[in-house]
1. For the range 61-136, what number of Lys pairs, 8 or more residues apart or on separate chains, have alpha-carbon atoms under 25 Å from each other?
2. Just going by the charge dipole of the chain, with Lys and Arg at +1 and Asp and Glu at -1 on Cβ, which of F134, M1, N115 is farthest out on the positive end?
3. Students often forget the sequence filter, so: which aspartates and glutamates lie under 20 Å Cα-Cα from K42 once same-chain residues fewer than 8 apart are removed?
4. With 5 Å bins from zero, work out the P(r) of the range 60-136 over every alpha carbon pair and list the percent per bin.
5. Short version: ³J(HN,Hα) in whole Hz for each residue of the range 33-45, in order, from phi by Karplus 6.51 cos²θ - 1.76 cosθ + 1.60 (θ = phi - 60°), x for Gly and Pro, what are they?
6. So how much slack lies between V54 and E17, counting 0.36 nm per residue of separation and subtracting their Cα-Cα distance, in nm?
7. Return the carbon/sulfur percentage of the accessible area of the chain, one whole number, probe 1.4 Å, all protein chains in place.
8. Solvent-accessible area per residue for the chain at a 1.4 Å probe radius, Å²?
Amino acid sequence: MSNIQQTLSIIKPDAVERNLEEKIKAIFTKEGFNIVKEKKIKLDKSDAEKFYKVHETKPFYNDLCEYLSSGPILVMILEKEEAVKNNRILMGATNPKDAEEGTIRKKFGISIDKNSVHGSDSPENAKNEIDFFFQN
Ligand code: CMP
């Protein structure tokens, strides 16, 4: 049975800064993701804190929020069969040094913080994250 889903993808400041947006979008498109909506924005730190609230108890929370709000990001809604899972496979492991060959983080990630892309980790979080950025 088909299960077309939407997921939220962010091209993070390290990748936008290196002009990798078009390259990364081309990877998503080539892998069959439809980019339903996109917008380039710069978050305030308080927006980043809201977005990453699930991580608020983690030791890396403050640095993570500082980083996500440090420069422009490209936020996208991606659509595909099993989009949440397939996007996470395509991104690769959170830490680029553990990411599989051919994944976005292996190709472009610099460090666990500057790992170039974010993707929702469950269908429920995908819905929340899409609403966070694209509430009409
Ligand atoms: P992301 O998928 O955007 O979700 C949370 C981010 O926290 C993650 O990517 C990493 O960039 C960042 N992060 C920093 N340190 C860690 C860590 N020890 N474990 C998991 N994520 C981390």
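1. The number of close lysine pairs in the range 61-136 is 13.
2. Of the candidates, N115 comes out farthest on the positive side.
3. D14, E17, E21, E22, D63, E66, D113, E129, D131
4. For the range 60-136, the pair-distance distribution reads 3, 15, 22, 24, 23, 11, 2, 0.
5. Karplus values, whole Hz, x for Gly and Pro: 7, 9, 7, 6, 8, 8, 7, 9, 9, 10, 7, 7, 4.
6. Working: separation 37, 0.36 × 37 = 13.32 nm, distance 2.61 nm.
Between V54 and E17, full extension yields an extra 10.7 nm.
7. Values: 3720 of 7520 Å².
Result for the chain: 49 percent of the exposed heavy-atom area is carbon or sulfur.
8. On the way: 7520 Å² over 136 residues.
Spelled out: the 1.4 Å probe surface of the chain, per residue, equals 55 Å².
The values are calculated or read from the model by the stated rules, or taken from the named source; none is laboratory data. This one's a predicted model, so the numbers in the text were calculated from it and none came from an experiment. So basically every Cβ, Gly included, is an ideal-geometry build from the backbone, and we count neighbours across all protein chains shown. The protein model used for the area step is the full one, side chains on, heavy atoms only, and it has no ligands, DNA or RNA in it. Shrake-Rupley method; radii C 1.70, N 1.55, O 1.52, S 1.80 Å.
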